[in-house]
Amino acid sequence: MTTVTFRMEGDRITGFTVQGHSGYAEEGSDIVCAAVTSAVRLTECAVNDILGLEASVRVKEESISLKLPGGLGETNESTCQTLLTALMVYLTQLHEEYPENIIVLEED
């Protein structure tokens, strides 16, 4: 199962960690893992490559984490919250379709 944990400070999302293989199908053929990977990469590219914010990204075997940097200006903070909230909503909807393959958690 893939576990997605969003780190929270109140209503603010500060980052996330995605761990594990969904188990929907074999690696390379797993549509759930592909959907998660694509959404996470898009979010990371938007934050780091488009906004240029240098969020901390850690990639390990079957795990990726992203942590927003501190001191974001109002515009970048708002944009990042929109991106991370959209990711959370998308992955939660994916959980509703594939409840045995992905779970989404929030952690203070």
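The values are calculated or read from the model by the stated rules, or taken from the named source; none is laboratory data. For clarity, every value in this text was computed on a predicted model and none was experimentally measured. Virtual Cβ from ideal backbone geometry, glycine too; neighbours counted across all protein chains shown. All accessible areas refer to the heavy atoms of the entire protein, side chains included, with ligands and DNA or RNA removed. Shrake-Rupley method; radii C 1.70, N 1.55, O 1.52, S 1.80 Å.
Per-residue SASA remark: Cys45, around 50 Å² accessible (1.4 Å probe; ligands, DNA and RNA not included).
For the stretch 1-78, carbon and sulfur atoms together expose 47% of the accessible surface, with a 1.4 angstrom probe and every protein chain in place.
Here the extension length gained between Glu77 and Glu107 equals 8.9 nm, from 0.36 nm per residue of separation less the Cα-Cα distance. Solvent-accessible area per residue in the chain equals 59 Å², computed with a 1.4 angstrom probe and all protein chains kept. Using only Cα coordinates, the Kirkwood hydrodynamic radius of the stretch 55-108 works out to 13.0 Å.
Once the C-beta distance of Thr3 and Cys45 is scaled by a Förster radius of 25 Å, the resulting FRET efficiency is 0.65 to the nearest 0.05. Computed from the alpha carbon atoms alone, the convex hull of the chain holds 92 Å³ per residue.
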